[in-house]
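To start, the structure under review is shown below, and the notes come after it.
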Amino acid sequence: MEFTLNLLIIMLSFIPGYYLGVFRFKQLNYYCVLYWSMLIFCVVGSFIIYSGAMDDSFFIEPIANNVEAKSLGILITTLSFLIFFVSAFIIEVFYSLYTRYRFEKVKWELHYSRPIIMSSNTVLLALCVLSIVLVIYYIVSIYPAPLLIVFQGASADQVAVRRLEVTKDYSGIGYFKTLAGILPVILSYYCFISYLKFKKHLPLFIFIAIISMLTLTINGEKAPLVFYFLGLLVSYSSVREVSKKVYVFSLLLIFSFILTMYIILFQFDDLEYILNILTERLFIAQEAAVFYAADYFSTHSALGLSSMDTVFNKILNIIPAPRASELFMYQYLPGMVENGGWNVNGFFAHETFSNFGFMGVIFGSTYGGIVNSLLCIYFRTREKTLLTMSFYSFYIVSITTVLSSFNAMLFNTQLILVFIIYILLSFIDRGKKHAVPK
């Protein structure tokens, strides 16, 4: 009965999903990427965990015998998913009423049919200079980088310790580190779209793509690389329709790179073991925190505002408390703590429930749907310059906040900072005449 109920909830999400355009695979849009990323990496994982098929998994073993937690965990996930997209749908309806259009479904065909316009060379130069300076700063500030010490013969444990040092205990300027991993990515999308549409900037694209991949993986992380390639696919779809061959090639490319990263960083030589690890990471790890929350907060009080270390807490003089993701690491995965682990993040719903219970699930999911729909509408209605399209591609694949924590989505300084940079560059771009090659 519970399985059927949750399956029905997911099927209900098809209704707002259809109107938002999540089934338009030939030209990827904001809602399409958001919907299927959450569905594949989180919702599917929740059904697998609920079924008991992965009870012997490293992540699920601590709560494998708690049937109540499994039932609650899958319900938190499916409800959050549905509410998120219903909220986005409602915002799109209000927007259509505001613009006096009859709302049938989001008119993505109008968006993609509009011509892409060249941005000024000043914008390209600014992005190049900022990217190079920030990347150099970041590489110097984390020397020796985890990826570098791998090639110097360091063990997997040494790499893990160094990775913790350059992520949790980073001693440099945090904003510079953040932008070093973002601006080169945006610049590569800019050059990629420029090449596809205008046959320009191919050498620069190849160079900056290598720099982007290096910057994203030099600290030992693997997930950012997946979303980087997804962003390239989104950029491709902004110019041309995505064929089945392109999808297959993209999947093989992403899989090959991630497999290579696991072999290099963890020094595994057992292919079957690596594939099992990848399966866990893709479908289980993102959802484990939701089921931990369902188990842990059945006997503990919700954390409330104290775990949300934002500017609002400082104003209200609320003493910060450990976040749910940190509590879960010590409670369920103590072995990882001994190896340097410090938190276990996942689908954002784990934190909304941990902080405020089911009220948090309702209001947190509603907030997420509203913010993402407003961001989508904003970029969709801008002039389609190379600048706008490259930043739009980045924001489309910036769903890591949805797949990490609610706190990150609530007040994400990274995305706010990038948005400010976009606005500043837009002012520069606005004053220039755009050349539109035929």
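The values are calculated or read from the model by the stated rules, or taken from the named source; none is laboratory data. Bear in mind the structure is a predicted one, so any value in this text is a computation, not a measurement. Ideal geometry is used to build each Cβ from the backbone, glycine not excepted, and the neighbour counts take in all protein chains shown. Surface areas here come from the heavy atoms of the whole protein model, side chains and all, with no ligands, DNA or RNA. Shrake-Rupley method; radii C 1.70, N 1.55, O 1.52, S 1.80 Å.
From the set of residues in the stretch 53-77 that are not in a loop (DSSP other than H, G, I, E, B) and not hydrophobic (A, V, I, L, M, F, W, C), which is farthest from Phe353 (Cα to Cα)?
In the first step, residues of the stretch 53-77 are kept if they are not in a loop (DSSP other than H, G, I, E, B); the result is 61-63, 67-77.
Subsequent filtering for residues that are not hydrophobic (A, V, I, L, M, F, W, C) retains 61-62, 68, 70-71, 73, 77.
Numbers: Glu61: 21, Pro62: 19, Glu68: 15, Lys70: 14, Ser71: 14, Gly73: 10, Thr77: 10 Å.
Among those residues, the one meeting the criterion is Glu61.
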Return the pair list, or none, for Cβ contacts closer than 9 Å from residues in the stretch 237-255 that are without any contact (Cβ under 8 Å) to a residue 12 or more places away in the chain and open to solvent by 60 Å² or more (accessible area, probe 1.4 Å) to residues that are among the basic types (Lys, Arg) and outside any helix (DSSP H, G or I), at least 6 apart or on different chains.
none
Leu403: passes all of (1) assigned to a helix (DSSP H, G or I); (2) within 12 Å of the chain's Cα centre (by Cα); (3) buried (at least 19 other Cβ atoms within 10 Å of the Cβ); (4) modelled with pLDDT under 80 but (1)
Need the failing condition index for Val123 against (1) modelled with pLDDT under 90; (2) in contact with a strand residue (DSSP E or B) (Cβ under 9 Å, 6 or more places away or on another chain), just the number.
(1)
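From the list Leu164, Leu187, Leu225, Leu216, which one is modelled with pLDDT under 85, closer than 26 Å to Val140 by Cα, open to solvent by less than 30 Å² (accessible area, probe 1.4 Å) and of a type outside the set (Ser, Thr, Tyr)?
Numbers: Leu164 fails: open to solvent by less than 30 Å² (accessible area, probe 1.4 Å); Leu187 fails: modelled with pLDDT under 85; Leu216 fails: modelled with pLDDT under 85.
One residue alone meets the criteria, Leu225.
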Here are some conditions: (1) surrounded by fewer than 23 Cβ atoms within 10 Å (Cβ to Cβ); (2) basic (Lys, Arg); (3) modelled with pLDDT of 90 or more. Arg100 meets all but one. Which one does it not meet?
(3)
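Could you please let me know if Ser96 is part of a helix (DSSP H, G or I), under 30 Å from Ser426 (Cα atoms) and small (Gly, Ala, Ser)?
Numbers: part of a helix (DSSP H, G or I): yes; under 30 Å from Ser426 (Cα atoms): yes; small (Gly, Ala, Ser): yes.
Considered against the rule, which asks whether it is part of a helix (DSSP H, G or I), under 30 Å from Ser426 (Cα atoms) and small (Gly, Ala, Ser), Ser96 comes out as yes.
Which of the residues that make up the stretch 107-121 are open to solvent by 60 Å² or more (accessible area, probe 1.4 Å) and either out of contact with any Phe, Trp or Tyr (no Cβ under 9 Å at 6 or more places or on another chain) or part of a helix (DSSP H, G or I) (or both)? Show your work before the answer.
Step one: of the stretch 107-121, the residues open to solvent by 60 Å² or more (accessible area, probe 1.4 Å) are 107, 109-110, 113-115, 121.
Within the stretch 107-121, Glu109, Leu110, Ser113, Arg114, Pro115, Asn121 qualify.
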Could you tell me which numbered condition Glu68 fails, if it satisfies all but one of (1) open to solvent by 60 Å² or more (accessible area, probe 1.4 Å); (2) in contact (Cβ under 8 Å) with a residue 60 or more places away in the chain; (3) closer than 30 Å to Ser237 by Cα?
(3)
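This table checks each residue for (1) more than 30 Å from Val344 (Cα to Cα); (2) modelled with pLDDT of 75 or more.
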| residue | (1), (2) |
| --- | --- |
| Val361 | no, yes |
| Asn372 | no, yes |
| Lys384 | yes, yes |
| Tyr395 | no, yes |
| Ser398 | no, yes |
| Val418 | no, yes |
| Leu425 | yes, yes |
| Val436 | yes, no |
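Would you point out which residue out of Ile83, Ile76, Ile91 is touching a residue at least 24 places away in the same chain (Cβ under 8 Å), within 28 Å of Leu233 (Cβ to Cβ) and under 21 Å from the mean Cα position of the chain (by Cα)? Explain how you work it out, then say what you get.
Numbers: Ile76 fails: within 28 Å of Leu233 (Cβ to Cβ); Ile91 fails: under 21 Å from the mean Cα position of the chain (by Cα).
On inspection, the qualifying residue turns out to be Ile83.
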Candidate set: the stretch 13-52, residues that are more than 23 Å from Leu251 (Cβ to Cβ) and part of a loop (DSSP other than H, G, I, E, B); chosen: the one least open to solvent (accessible area, probe 1.4 Å):
Ser13
The stretch 276-306 - residue that is over 12 Å from Ile76 (Cβ atoms) and open to solvent by less than 10 Å² (accessible area, probe 1.4 Å) and, of those, modelled with the lowest pLDDT
Ile284
Output the number of residues of the stretch 334-351 satisfying the condition of being of a type outside the set (A, V, I, L, M, F, W, C) and modelled with pLDDT of 80 or more.
4
